[in-house]
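Taking it in order: structure first as structure tokens, then the write-up.
The values are calculated or read from the model by the stated rules, or taken from the named source; none is laboratory data. In this text the structure is predicted, and so the values were computed from the model without any measurement. No Cβ is skipped: glycine too gets one built from the backbone with ideal geometry, and neighbour counts run over all protein chains shown. Surface areas here come from the heavy atoms of the whole protein model, side chains and all, with no ligands, DNA or RNA. Shrake-Rupley method; radii C 1.70, N 1.55, O 1.52, S 1.80 Å.
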Amino acid sequence: MKGHASNPVLVIAAFLLLLTAGAFAMGMPVSRITQVAIYALYGIGVNFLIGYLGLVPFGASFFFGVASYGVAIFSKAVVSNEIVALAFSAAFSLVLAVALGAVILRRRGLYFSLLTLACSQIAFEIAYSWTSVTGGENGIQDVPRPLFGSTLAFHFFTLAVVLIAVYALWRLVHAPFGRVLQAIRDNEQRVSSLGFNALAIKLAAFCISGMLVGVGGGLMALLLRGAYANNLSWQHAGDPVLMAVLGGVHHFLGPLWGATTFIILEDRLSAITENWWLMFAPIIILFAILSPEGMHGILRRWIRRDERWTLVRHGIPPRPASIAPYAPAAARTVQGSQPILSVRGLSKRFGSIVTSEDISLDVHDRRLHSLIGPNGAGKTTLFNILTGLMAPDAGTITLDGRDVTRLPAYRRARAGLSRSFQILSVFPNLTTFENVRVATQGAHRPWGGFWRDAYDNQPENARVWSLLDAVGLADRAADLCSELSHGEKRLLEIALSLAGSPRVLLLDEPLAGLGEADRQVVSALIVRLSQTHAVLLIEHDIDRVLALSDRITVLHQGRLIADGLPDQVSRHPDVISAYMGKPAEEAGAPRGAAPAVPVASASRTDAGHAMPLLELSGVKAGYAGGAVLDGLDLVVQPNEVVALLGRNGVGKTTTLRTIMGVVKVSQGNIRFDGQDITHARPDQINRQGIAVVPEGRRLFPNLTVHENLRIAARAGGASQEEIYSLFPKLRILAKSRAENLSGGERQMVAVARALMAPTRLILLDEPFEGLAPAVVKDIREAVQRISRQVSMIIVEHHAESALALAERAYVLVNGRVAYAGPAHALSIDVALQQRLLGVGQQEAA
């Protein structure tokens, strides 16, 4: 893992020396190679923000240009010494970065980029106009260079400085501090919830980047023996970003290749024409289209057939021969009957919408306290307030006798308040091991260190392995989080929440998306945790909540309607009405049939036709070269509902993504209505009549319900009136933004959106996940009515829910079909379900 071949500093040294030798051989001025080295440092310093933090500074030239003026003035007026001058440029850039970063880092995305560009342009105007100090358009000239007067001596001095700076940066990105940066890039909110002060860490990284760029600017002033305003102008502000993108922002060496290409092409093309950018721009466009990962990405595909990022070394610490069982850190017992977490009079409103109103509750140490309620009751909002992601309008929160109402999220996490999220909140571009390692670092040493390799901390490594083993992910430790199944990501998030040894553990639907076997494992883990910690649990699996909980609190429309022992709460009339739905005798007559929802006409097939509507034959597909589906055969007939079942990670969602063309087929074929769609694009597949209701709903959060539906509408699909007949509640919510909807309401919109275009097959991925029973009932009724006119494939971890709707069922085991047959036969064969879906050993049926 730490071999010389994996050290890019040696690659940079060898490459720059090779360029130097080539310059001598071809008679090229060696100063051109010196410029390449300086610009490589410039690009690497900027890419430190882009690749590691996800911040794009269009105005990094501010540090480059201002530092060059600083070195020029310092060398002429104070000390004529190149080494001291560069030290001054680093210190001067640090001061500028602290002052600037404290202001602009409170903004992200485009605003951050434009603010840096504005600073660079302001500096340009000052440099160009303050003639008495900066020399105006003539700049500052005749900067002394007494130690390295010759071009060759300064060249090797520059190479030494660049290599030292790059080596220090390479060490930094592997240190605990550096590794957290990538977590911030992927999910800043999650980083804060793990105990990190994300703003302070970003400020430190911004300062480091500014110092690297400032040293580059100082070297440029010494190379040119002058400082000039053009380095600050908007025309050159994007140069380092361009070099990073050209070489590959997700690769440590990317800016080196980008800087080399930029300098050489500028040199050669400018000799041909003054408008050399007209020739250079098409090259950039081609790279952006053909290789989003830049030149380094192309090299990796050619040499290794590997598209992984190379911002850090690949690999994780070796797995120990014996993994120690996970043992939660012993929590300090709260004296007497005092609660460890106390909430009094908590209220929160968004305009006229009440999400929390005068909520008071106590959570006791070593108890499992569940928080239930219908979708939209305010449960997750309460968690957000408790953990500092939202500020309450009124009320107090006390943790272990300490008022934490106004503490930021990271300080609450350090105080012992840890949580998981309803919507998965992990770090997709980090390995499974690194996800958990970052979480353990947040609890015990948030800054961690700037030099020592994070993976050299053996006690921390051992704890990470224990956590991964506890949730069943030890075998996936080296895999990227993005390659995990939904259920595995849910398990990973639980491991993140446990990593900080919390006093109070807030779990927001930790069982959502898990198969029964994993639900049993995680439930047992939660019960075990409640023996040493206070656990506050949000969960829709009522039977499990009633069986496991010591106490239950019920919310409805932002108000607390019941709080007590499980048997008391389960009989509470308000709970039965609000959460479970009205009793059957009170529900009234069943609804009449809904108006027909238009779907694509069955041009060549009908219910009695022998030709299948959808047929997968020997399909193999997967991610990043790994096979998830291994020779899958599956058939769906016209107007048929098929349940696709299996444990987590067996390929259910991958099957749907493969049908939709999102995951590419490596072997086998897919036919829809007799046509081969194996290699068709997702939009082409959708227009042929296949729609997907994805896991997690994936609505457009800033659009209203009406706009979400309109954007999917096509001629021949359902009208909005017909959609409102199917889901009457959507008429009321038509002008509400999707981000303000509850989980059940979002699912209604997701199903309705699929019907807005002519549809003959709907792929439903976990349609009932995270929904209250009353909402599940509404969604199930809607699905039953739709299924009279279209075919469906339903992926659902609750086998009984899917089998009740389906005519046939498939069960997958390791990407292959282990059962294919009538859904009813599987639903009554408990032993077969246990073998294929439960805890028992799986075998092909």
- request: Give Leu764, Leu730 a once-over and let me know the one that is of a type outside the set (D, E, K, R), in a strand (DSSP E or B), within 30 Å of the chain's Cα centre (by Cα) and crowded, with 20+ Cβ neighbours inside 10 Å.
  value: Leu764
task: Go through (1) open to solvent by 10 Å² or more (accessible area, probe 1.4 Å); (2) polar (S, T, N, Q); (3) farther than 25 Å from Glu640 by Cα one by one and return the number of the condition Asn708 breaks.
output: (1)
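Restricting the search to the range 420-446, which residues are under 10 Å from Gly500 (Cβ atoms) and either aliphatic (A, V, I, L, M) or in contact with a strand residue (DSSP E or B) (Cβ under 8 Å, 6 or more places away or on another chain) (or both)? Break it down stepwise before answering.
Here is the first cut: in the range 420-446, the residues under 10 Å from Gly500 (Cβ atoms) are 439-444.
Correct list: Ala439, Ala443.
Only one residue in Val521, Val545 is open to solvent by less than 10 Å² (accessible area, probe 1.4 Å) and either over 20 Å from the mean Cα position of the chain (by Cα) or over 29 Å from Gly564 (Cβ atoms) (or both), so which one is that?
Details: Val521 fails: open to solvent by less than 10 Å² (accessible area, probe 1.4 Å).
Checking each option against the conditions leaves just Val545.
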- line: Note on the range 402-415: residues surrounded by fewer than 24 Cβ atoms within 10 Å (Cβ to Cβ) and of a type outside the set (A, V, I, L, M, F, W, C) are Arg402, Asp403, Thr405, Arg406, Pro408, Tyr410, Arg411, Arg414
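Working only within the range 733-750, note down all residues that are of a type in the set (D, E, K, R) and assigned to a loop (DSSP other than H, G, I, E, B). Please lay out each step first, then the result.
From the range 733-750, those of a type in the set (D, E, K, R) are 735, 737, 739, 745-746; that's our starting set.
Matches in the range 733-750: Lys735 only.
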- request: Please work out if Phe287 is open to solvent by less than 30 Å² (accessible area, probe 1.4 Å), modelled with pLDDT under 80 and over 30 Å from Ser75 (Cβ atoms).
  value: no
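Would you confirm whether or not the range 138-155 contains a residue that is crowded, with 19+ Cβ neighbours inside 10 Å, under 43 Å from the mean Cα position of the chain (by Cα) and within 28 Å of Ile33 (Cα to Cα)? If you could, list the steps in order and put the result at the bottom.
Within the range 138-155, the first condition is being crowded, with 19+ Cβ neighbours inside 10 Å, and the residues that meet it are 139-140, 143, 145, 154-155.
Next, from what is left, pick out any that are under 43 Å from the mean Cα position of the chain (by Cα): 155.
Still in the list and also within 28 Å of Ile33 (Cα to Cα): 155.
Yes.
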- request: Output the residues belonging to the range 673-714 that are part of a strand (DSSP E or B) and not aliphatic (A, V, I, L, M).
  value: Gln675, Asp676, Thr704
query: Considering only residues of the range 711-727 that are open to solvent by 30 Å² or more (accessible area, probe 1.4 Å) and under 34 Å from the mean Cα position of the chain (by Cα), which is nearest to Met756 (Cα to Cα)?
result: Ala713
- prompt: Which residues, taken from the range 628-649, are open to solvent by 10 Å² or more (accessible area, probe 1.4 Å), among the hydrophobic types (A, V, I, L, M, F, W, C) and either in a loop (DSSP other than H, G, I, E, B) or at pLDDT below 95 (or both)?
  reply: Val628
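Give me the helices (runs of 4 or more DSSP H) completely within the range 41-154, filtered to those with at least 1 residues that are under 16 Å from Ser209 (Cα atoms) and at pLDDT 90 or above, ordered by residue number.
Numbers: elements: 61-77, 82-104, 109-129, 131-134.
The qualifying helices (runs of 4 or more DSSP H) are 61-77, 82-104, 109-129.
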message: If Ser352 meets every condition in (1) closer than 22 Å to Asp475 by Cα; (2) modelled with pLDDT under 80 apart from one, which number is that one?
response: (1)
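Of all residues in the range 71-87, which are open to solvent by 10 Å² or more (accessible area, probe 1.4 Å) and not aromatic (Phe, Trp, Tyr)? Even if it seems obvious, please write down each step before you answer.
Going residue by residue through the range 71-87, those that are open to solvent by 10 Å² or more (accessible area, probe 1.4 Å) are 73-74, 76-81, 83-84, 86-87.
Across the range 71-87, the qualifying residues are Ile73, Lys76, Ala77, Val78, Val79, Ser80, Asn81, Ile83, Val84, Leu86, Ala87.
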task: List every residue pair whose Cβ atoms lie under 6 Å apart, where the two residues are 6 or more positions apart in sequence or sit on different chains, the first residue falls within the range 298-312 and is in a strand (DSSP E or B), and the second residue, located anywhere, is at pLDDT 75 or above and not hydrophobic (A, V, I, L, M, F, W, C).
output: Thr310/His251
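Report those strands (runs of 3 or more DSSP E) wholly inside the range 783-845 carrying at least 2 residues which are at pLDDT 85 or above and within 25 Å of Leu771 (Cβ to Cβ).
Working: elements: 791-795, 808-813, 816-822.
Where strands (runs of 3 or more DSSP E) fall fully within the range 783-845 and carry at least 2 residues being at pLDDT 85 or above and within 25 Å of Leu771 (Cβ to Cβ), they are 791-795, 808-813.
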- request: Output the residues belonging to the range 788-808 that are over 25 Å from Pro374 (Cβ atoms) and either of a type in the set (Val, Ile, Thr) or open to solvent by 20 Å² or more (accessible area, probe 1.4 Å) (or both).
  value: Arg788, Gln789, Val790, Ile793, Glu807, Arg808
